[in-house]
Structure formats: structure tokens, C-alpha cells
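Novice: Before anything else, here's the structure in question.
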Amino acid sequence: MHKLSTLLFGGLLSVSTHAWELVSNSDGVEAFTMKSNETGFNKVRVVSTFPASLETLIAVNTDAGKLSDWMETFEQVDVLSKTNWHDYVLHARYGFPFPYDDRESITHTTFHRSNEQIVLSFKSVESEIAPYKDTVRMPFVEGSWTFIPKSPMETEVIYETHVVPGGNSPAWLVNMVSVDVPVKTIHNLKNYLKTYQAAAVAITDIPAI
């Protein structure tokens with residue numbers, strides 16, 4: 001069933017007749033949603049400008065061991081495999097409110113360059129790795145981080161995510177709060193960067209398209 005659902009979602013998610021709808025604009029963070037006929041769960045886009053360099057934002061997003069310090073709901077992150085610093089597979093656990101079980105996912109992350117911008121893409125993949133204890137593996141996770149430099153110390157960030165949580169989570173309820181976690185993640189990241197010591201990253205290592 002997992003393989004079938006992945007094939008179905010993977011083949012249909014790019015097709016949509018809906019447009020992005022602005023649902024909130026506060027403290028320099030814009031949040032949009034888009035309906036998905038295929039899954040019933042909203043796609044989410046969050047846009048904000050960061051007072052940080054492109055290199056710093058790439059570094060913090062590839063520091064997998066510290067993602068749970070600022071990614072909202074992340075409780076545990078393990079690196080399952082790593083081809084290089086910009087191509088890796090993560091196993092993550094997400095805290096869900098009672099009475100729902102925590103969720104988890106296994107995602108493949110890759111980067112690519114297009115002109116001046118960098119795009120981090122992630123998508124759930126098949127795996128024989130056992131789920132974390134007392135969790136539900138989400139049948140579908142997909143999204144991206146797009147980093148667009150505006151100046152040496154200013155970068156626009158576009159965070160998009162589309163999640164099918166699985167289990168007994170009703171779509172109508174999830175959609176009511178679908179922007180909350182991405183928006184909090186953006187605010188968390190802005191606060192985290194105030195003290196983050198970025199490691200050097202070689203942007204030119206990222207494949208260009």
C-alpha cells in the first residue's frame with residue numbers, strides 16, 4: 001500500500017487547477033495555501049526575507065544534527081545515508097498533539113543551483129528502516145526551500161511543503177492549522193540564526209540546472 005500511495009501521489013501532485021491563496025501576512029512572513037484535489041491536504045508556501053547570507057542559510061539547512069533545534073515539531077533527526085553534504089537521506093520524528101500519535105518520515109534531500117538561487121528539495125522515499133517507537137509513518141512528504149540572494153547579507157526564502165500525515169488525522173482539521181508549523185519554523189529559524197555559527201559551504205559544489 002505504501003508503494004502504491006507513493007506512486008499515485010508522485011504522479012499526481014504536479015497537476016493542480018488551484019492557485020496560491022494568501023492566508024496570513026504578519027511580522028514579515030507571508031503564508032499561502034493551495035488546495036490539493038489529489039490528497040485533500042493543503043500545500044503550504046511561506047515567504048520571508050532573512051538578514052543573512054546565502055551561504056549561512058545553506059549551512060544551517062544542511063546541519064542535519066541540529067534541525068530539531070529550529071524546525072517546528074521536529075523531535076529527532078537521524079542521517080540514514082549521505083552521498084555528500086548536499087545529497088542525503090533523513091529519518092525524522094515529529095511531535096503531534098494528543099490524542100494523535102507522533103509522525104515520522106524518511107526523506108531524500110537534494111540541492112540544485114539555478115542562476116543565482118539555490119533550491120533544496122525533499123521527498124519521502126521507500127525504506128525498510130523500522131518506524132520510531134509509537135509513531136505513524138507519513139505516506140507522503142514533499143517540499144522545498146528556495147534561497148534567493150538579494151544582497152550579500154539579505155536572502156529571500158520560500159519554504160513549500162505538502163504533507164499527508166496518515167493515521168487518523170482528518171484533512172479538514174489538518175488544513176485548519178496547516179500554515180502554523182511552517183510559519184513557526186520560519187520564525188524559529190530567524191531567532192536561531194542570531195547565535196548560529198555557520199560552517200563553510202562550497203556553493204559551487206551544488207549541481208546546476
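FYI, it's all coordinate maths here, none of it is from the lab. Just so you know, these numbers come straight off a predicted model, no measurement behind them. Positions of Cβ are backbone-derived with ideal geometry, glycine not excepted, and every protein chain shown enters the neighbour counts.
Novice: In a shell of Cβ-Cβ distance under 12 Å around Leu22, excluding Leu22 itself, what net charge do Lys and Arg (+1) and Asp and Glu (-1) give?
Specialist: Values: positive: Arg45; negative: Glu21, Glu30.
Taking every other residue near Leu22 into account, the sum is -1.
Novice: Here's something else I'd like to know. Given +1 on the Cβ of Lys and Arg, -1 on the Cβ of Asp and Glu, and no further charges, what dipole in debye does the chain carry about its Cα centre, rounded to the nearest 20?
Specialist: Magnitude of the dipole: close to 120 debye.
Novice: Excluding Trp85 itself, calculate the net charge of residues whose Cβ lies under 11 Å from the Cβ of Trp85, where each Lys or Arg counts +1 and each Asp or Glu counts -1.
Specialist: Working: positive: Lys82; negative: Asp63, Asp87, Asp205.
Local charge sum for Trp85: -2.
Novice: Continuing with this model, one more query. Working from Cα positions, state the angle (0 to 90°, nearest 10) between the long axis of helix 180-192 and the longest principal axis of the chain.
Specialist: Helix 180-192 sits roughly 30 degrees off the main axis of the chain.
Novice: Of the labelled options [x] 1.66; [y] 0.99; [z] 1.20, which one gives Cα Rg over 2.2 N^0.38 Å as computed for this structure?
Specialist: Answer label, from the structure shown: [y].
Novice: Tally Lys and Arg at +1 and Asp and Glu at -1 over the other residues with C-beta under 11 Å from the C-beta of Pro207: what net charge comes out? Don't jump to the answer; show the numbers that get you there.
Specialist: On the way: positive: Arg113; negative: Asp87, Asp205.
Net local charge, Pro207 excluded: -1.
Novice: Hey, another quick one. Using 0.36 nm per residue of separation minus the Cα-Cα distance, give me the extension gain between Asn84 and Thr62 in nm, one decimal.
Specialist: On the way: separation 22, 0.36 × 22 = 7.92 nm, distance 1.04 nm.
Computed gain between Asn84 and Thr62 is 6.9 nm.
Novice: ³J(HN,Hα) across the stretch 87-102 via Karplus (A = 6.51, B = -1.76, C = 1.60, θ = phi - 60°), whole Hz, x for Gly/Pro?
Specialist: Each residue of the stretch 87-102 in turn: 7, 7, 10, 10, 10, 10, 10, 10, x, 10, x, 4, x, 8, 6, 4 Hz.
Novice: Residue separation times 0.36 nm, minus the C-alpha to C-alpha distance between Ala199 and Asn37: what's the value?
Specialist: Values: separation 162, 0.36 × 162 = 58.32 nm, distance 4.14 nm.
Contour length minus the Cα-Cα distance gives 54.2 nm.
Novice: While we're looking at this one, here's another question. For the pair Val77 and His18, how long in nm is the line joining their label points, each one 7 Å along Cα→Cβ?
Specialist: About 2.7 nm separates the two model spin labels.
Novice: Give the angle, between 0 and 90 degrees and rounded to the nearest 10, that separates the Cα long axis of helix 2-12 from the longest principal axis of the Cα atoms of the chain.
Specialist: 60
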